[in-house]
1. Sort through B:Arg17, B:Arg23, B:Arg72 and tell me the only one that's modelled with pLDDT of 75 or more and more than 10 Å from chain A (Cβ to nearest Cβ).
2. Restricted to the stretch A:169-215, and to residues that are among the hydrophobic types (A, V, I, L, M, F, W, C) and more than 25 Å from A:Arg119 (Cβ to Cβ), which residue is farthest from the chain's Cα centre (by Cα)?
3. Condition first: over 23 Å from the mean Cα position of the chain (by Cα), at pLDDT 95 or above and assigned to a loop (DSSP other than H, G, I, E, B). Can you find one or more residues in the stretch A:145-168 that meet it?
4. I need a count of the residues in the stretch B:31-51 that are part of a helix (DSSP H, G or I) and either within 7 Å of another protein chain (Cβ to nearest Cβ) or hydroxyl-bearing (Ser, Thr, Tyr) (or both).
5. Look at the stretch B:47-69 and say how many of its residues are in contact with a Leu (Cβ under 8 Å, 6 or more places away or on another chain) and modelled with pLDDT under 55.
6. Show me the strands (runs of 3 or more DSSP E) entirely contained within the stretch A:55-128 in which 3 or more residues are at pLDDT below 95 and over 21 Å from A:Ala30 (Cα atoms).
7. Filter the stretch A:166-184 for residues that are surrounded by 12 or more Cβ atoms within 10 Å (Cβ to Cβ) and either within 18 Å of B:Ile2 (Cβ to Cβ) or among the aliphatic types (A, V, I, L, M) (or both) and give the result.
8. So for the stretch A:97-107 (the condition being surrounded by 14 or more Cβ atoms within 10 Å (Cβ to Cβ) and outside the structural domain of A:Arg177 (by TED's automatic domain parsing)), does at least one residue qualify?
Amino acid sequence: MGGQACVFYGAAEFSRDTDLAILASSENFARLNKTLTDLDAQVIAVPPFEARYLRKGHAVHFRCQHAEARGMRIDVMTKMRGVDSFPKLWTRRTTVSVQDSTIELMSLPDLVQAKKTQRDKDWPMVRRLVEVNYFANRENPTREQIRFWFLELRTPELLMELVLERGGLSPQLFRKRPLLRIAQAKNESLLADALLEEEKRERAADRQYWTPLKKELEMLRHARVSQLKR
Amino acid sequence: MIQPEELVGEEWAAWYRLSPAERWTQSEHLWQIYFRLGGSLETEPDTQSPFFDPREPSARTANGRPGMRVLRRSRV
């Protein structure tokens, strides 16, 4: 019973694909192309692997056929809604060393922005990402961490604790996130409602952002089907 | 101060308390178990994703890899 059963029936999963955010430069595309060739990765679905689609905000999807990575999905993108440009992401990245490899991860604040999508499954993730960081660092936080929590915590109880412990909020913070006033007033149920509204606005903005891109994807699918029929 | 257990329960709180390196190791361990049980690399259909295409064929086998077979199930 529980988690494994949810995985079995398809309601829960753990990540099995790799998302790569890259700088949209011709040099980089050449490097990526070589790596994808090494992995025997083929484009699945639309759009095709062309810089113009990536620059518009599309992601290109690959599946690897190489024996050591058979079936592995790779999604490549160069821009994401609400997320800074690649050079800024790169300066803020987290670098981890795993055995003999180095892996570059998006910073936590950038990942939180990237996860603010229209999908249900991303929102509990956003909440947990900030919670973990808060619990791990609240005893001795940096100024940047405190600001990050004020702007991104999605747990009413913790937001109220934060305001109580680290009061003296700047007017700029209140402007950026008006619901902090409700946290300051210690109205937990109103705060929960305001957080939900905040989420709804982000999800609507994500749907709006994707509307023209989805239309383009649909046109590409039709074109591909017509081409296959010929 | 609010403790993680009060918000997310024992299991999640234990996960929160691990260091990033420990979580990475645990995740690798879960991967091994997942593969031993016959888990597939094919992602689940994500109907809320802007990329979702119901017509897209899936490379997924009915029950993951051959290591897993359904021997009995309800009618639902």
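The values are calculated or read from the model by the stated rules, or taken from the named source; none is laboratory data. What you see is a predicted model, and the numbers here were worked out from it, not measured in a lab. Every residue, glycine among them, receives a Cβ derived from its backbone with ideal geometry; neighbour counts consider all protein chains shown.
1. Of B:Arg17, B:Arg23, B:Arg72, the one residue that is modelled with pLDDT of 75 or more and more than 10 Å from chain A (Cβ to nearest Cβ) is B:Arg72.
2. A:Ala185
3. No, the stretch A:145-168 contains no residue that is over 23 Å from the mean Cα position of the chain (by Cα), at pLDDT 95 or above and assigned to a loop (DSSP other than H, G, I, E, B).
4. 1
5. 1
6. Where strands (runs of 3 or more DSSP E) fall fully within the stretch A:55-128 and carry at least 3 residues being at pLDDT below 95 and over 21 Å from A:Ala30 (Cα atoms), they are A:94-98.
7. Once the filter is applied, which keeps residues that are surrounded by 12 or more Cβ atoms within 10 Å (Cβ to Cβ) and either within 18 Å of B:Ile2 (Cβ to Cβ) or among the aliphatic types (A, V, I, L, M) (or both), the stretch A:166-184 yields A:Arg166, A:Leu169, A:Leu173, A:Leu179, A:Leu180, A:Ile182, A:Ala183, A:Gln184.
8. Yes, that holds for at least one residue.
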